[in-house]
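The next block holds one structure in the form of structure tokens; read it before the comments.
Coordinate-derived values only; no laboratory data. Just so we're clear, the structure is a prediction, and the values are computed from it rather than from any experiment. Glycine also receives a Cβ, built like all others from the backbone with ideal geometry; neighbour counts cover every protein chain displayed.
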Amino acid sequence: MTQSGFSKLSTGKLLLAAAVIAIVSGAAVGMSVGYVIHYSAPTTREFYLFDGSLPFNDEPRPQGFGYPHDIFVPDRITVNKGDHVLIHYVNIEDIAEDHNFMMESPYRFDAVVYDNASNLSGPVNGGKGAVLGTHLNVDTVVLGQGQNATITFNASWAGVFPYRCTFHQPTMTGYLVVIG
């Protein structure tokens with residue numbers, strides 16, 4: 001009978017090999033868990049959101065066709081559960097066209113809507129324009145051409161939640177991604 005490869009090794013060498021394997025595999029598991037489980041203290045996440053236009057001419061629109069060409073820029077906002085979210089939304093249209101910002105349930109937000117800052121002589125509210133309205137615990141806010149709004153809420157639910165301009169569907173839709 002011949003001896004197996006392991007029986008030829010001393011106990012010390014076997015223990016050393018087992019320790020090296022345990023350290024390497026433990027480090028690999030620890031690194032992978034670090035990517036899956038994300039620990040961070042809640043913080044304020046600030047974003048700038050604009051309306052944009054896709055680069056195509058959709059006129060003339062045949063009956064039952066002709067999707068709007070407006071989009072949100074950016075079309076995805078990613079935060080951690082527990083974060084305070086601050087969105088500066090600006091209607092940058094060069095023509096008189098309204099847009100709105102609507103979030104799906106369960107999210108509601110507070111918003112302050114400001115007048116077109118370029119219509120003013122001198123800085124008002126840090127260049128945001130005169131306050132047109134304050135809206136508390138709402139799901140929709142409407143902005144006219146050149147107006148802007150600050151939208152605030154806490155990211156209390158994890159998941160993916162759409163936000164949209166109901167005037168320009170289906171293209172003007174974005175997504176709030178809450179990790180946690």
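The table that follows gives values for the structure above.
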item: Integer Hz, Karplus 6.51/-1.76/1.60 couplings in order for segment 166-179, x for Gly and Pro; result: 6, 6, 10, 9, x, 7, 8, 9, x, 9, 8, 10, 10, 8
item: Ordering of 132-139, 17-24, 146-153 by packing [mean C-beta count within 10 Å, highest first]; result: 146-153, 132-139, 17-24
item: Long-range HN-HN contacts of residue 132 with modeled amide H, under 5 Å; result: 113, 114, 115
item: For segment 12-27, Karplus couplings with θ = phi - 60° (6.51, -1.76, 1.60), whole Hz, Gly/Pro x; result: x, 5, 5, 5, 5, 5, 5, 5, 5, 5, 5, 5, 5, 5, x, 5
item: Placed amide H near residue 163: partners under 5 Å, 5+ positions off or other chain; result: 174, 175, 176
